[in-house]
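Read the structure below first, then the notes.
Just so it is clear, none of the values below were taken in a lab; they were calculated from the coordinates. The model shown is predicted, which means the values in this text are computed figures rather than measured ones. FYI the Cβ positions are ideal-geometry reconstructions off the backbone, even for glycines, and counts take in every protein chain you see.
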Amino acid sequence: MIKCVKCGTENEIIDAICVNCGEELPAPYDLTDDDDFMDDDIVNPLQNSALCSASLAGGAITVLAGAEIHLLGAVIPKGSLVIAGSEIGAVYDCTLEDEKTPGVGYIDCEGKIISPGFIDSHIHGMYGIDTNKANSAGFADFSMYACKHGLTTIVPTTVACMPFELEDVLSQLKSAKSIGLPGCKIAGLHMESNFINPKTKGAQPEKAIFEHNSDYGASIKEIIEQNQDLIKIVTLAPEMADNLNLIKWLTERGIIVSIGHSDATYEESTEGIDAGATRVTHLFNAMSGLHHRKPNMVGTALSDDRVMIELVGDGVHVHPAVMKTAINSKGIESTMVISDCLPCAYMPEGETIEFAGHIVRIEDGAARMPDGNIAGSIATADTILKNVIELGYELNEAIYMVSTAHAFNLGLNDTGQIAEGMKADLVILDDNLNVRATFIEGKLVYTAQITE
C-alpha cells in the first residue's frame, strides 16, 4: 500500500493518484514512517519513476529484484528493475520485496546479473539457419535461437549474392517481420555486399562481386532503393570504382555504410569516411594489414574518431593481444564486438556445411574453408562476452561492446541500455555469465531456471 502524503489515505501500489483527494502519489518505493513526509524520505530511490502512469495505461508490471544491474557506465550491486509493459518503468538501488500485489509479477534475481540485451550487427546465422537461404519460418527460428544466447536485436548478414537471390532474402525477411517474430528483434539486413574488393573477398563468392555501375550493380541498387526500410548496413570497399559516390548514395537513403573487404590505402579509407562511412567491418580480417609506414585501412580505423570498428570476438579471427590493443587504441565507446557467426554454429566438431558456395568445416574453434582459411565464426554473443572479460575488461565495459555500442551505431535510441523509458530488452545472467533469461520489450521469451 502507498500512503497519500496530503490526506493520509492508503492506496493500492498500482494507483497513480490518491483515490480520496486526487493528489499524485509517490512511486512505490519503501517509505519512512515519518508523518511529515518529504521527498528526501524516500529510501534508496535511483530515479523518479513512470511506473504508476504505465500501469494505468494497461501495461503489465514485472519486478526483477535483488540483482546486480548494469547501467550505462555504472553498476548497482544489488538493485531492482521494474518492467511496465514493454518498457523499463523504474530502476532501484535496493531490493524490492514481493508485496503479492495482484497484477504484479515478481522474480527473485538474487545472485544474478541484469544486462541490456545483447545486439549483434554482423551475424550470418546459427543452428543451420543461413541468412542467404532462410525463408520466413527460418527467420522466425533465427530470432528464437538468438534469444538463447542473450540477443535481443540482430542484423542478419548476407554474403554477396545475385540480384534475384537478394530479392528473395528481402521478401522472406519482410514476410517474417509482418507475421511477427517470436524472439529477438531484427533491425534490418546487413549486406556484406557485392561492392567489395575481390582481392580481399575472404569467403565471399567472387561471381557475385561487381562494380555498382555495372548491369548487375544497377539491379542491386534498384533492389536497395525499393527496400530502404529493410536494409540497415552495407559493407563495401571504398577504393573500388566510383564507390565514394555509392557511399553518398547509400547514406542519403539512411543506410549505414561500413568499409571492409578492402585493400584500401590510408588515404582511400579516409576518403570513404569523408563520403559518409561510419563503421569498419571486422577490423584486421579481409583487409591489408597495418604497417608503420603504410597504415592502410587498419590505421585509418584506429585513428579516425568518425568511425566505429567491428571486432570478431571469437578469439580466433583476431589474436587476443591484438584485439586488446585495438580496443585500447580505439576506445570502448567506439568498439562493437561482433560474432560473424555462421550457420554451422553449435554443430559438432568436424561437421561440414555449404556456405557462400564453399564447403566449410568446423575445425579448431572456427568455420574453415578447404584451404584452411577462416570462413567465419561459430561463437555467439554470450561466448563473446566471456572472451572480452578474459582480455581483462570489466563486465560493464564488455556489455557496452556487445550491446550499447551497436545500438548507438545503428541509431536504436530505445534499446541497448538500462534506463527508465527504454525498451525492456534485457538478459539475466548467472555469476558464470551464462544466459538464464531473455526479455524482449518486457516479454519473457527465453528462460532457463533462474533460481537454481
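Pairs exceeding a 20 Å alpha-carbon distance, out of 112/443; 423/443; 185/386: 185/386.
Gain on full extension, evaluated as 0.36 nm per residue between residue 144 and residue 371 minus their Cα-Cα distance, stands at 78.4 nm. Extension gain, residue 229 to residue 394: 0.36 nm times the residue separation minus the Cα-Cα distance gives 55.8 nm. For residue 148, a cut-off of 19 angstrom between C-alpha atoms picks up these aspartates and glutamates, skipping any fewer than 8 places away in its own chain: 120, 130, 314, 340, 382, 425, 430, 431, 441, 452. What percent does the relative contact order of the chain come to when contacts are Cα pairs within less than 8 Å and at least six residues apart? Relative contact order for the chain comes out at 17 percent. Note on residue 364 and residue 171: their simple-model spin labels are 4.2 nm apart, each label 7 Å out from Cα toward Cβ. Site pair residue 72 and residue 431 shows an inter-label distance of 3.1 nm when each label is modelled 7 Å from Cα along Cα→Cβ. So what's the net charge close to residue 75: Lys and Arg +1, Asp and Glu -1, counting the other residues with Cβ under 13 Å from its Cβ? Neighbour charge sum, excluding residue 75 itself: -3.
Each stretch of four or more DSSP H residues adds -39500 (n - 2.57); spread over every residue of the chain, this sum gives -7000 deg cm²/dmol at 222 nm. Cross-link partners for residue 248 among the lysines, with Cα-Cα distance under 18 Å and sequence neighbours closer than 8 places in the same chain left out: 221, 232. In summary, the chain shows an alpha-carbon radius of gyration equal to 1.06 times the 2.2 N^0.38 Å reference for compact globular proteins. Loop by DSSP (not H, G, I, E, B), at most 15 other beta-carbon atoms within 10 Å: where is the longest site-free stretch of the chain for trypsin sites (Lys or Arg not before Pro)? By the stated rule (loop sites, at most 15 other Cβ atoms within 10 Å), 101-252. Straight-line reach from residue 294: which lysines have a Cα under 25 Å away, not including same-chain ones fewer than 8 places off? Result set, ordered by chain and number: 199, 201, 324, 330.
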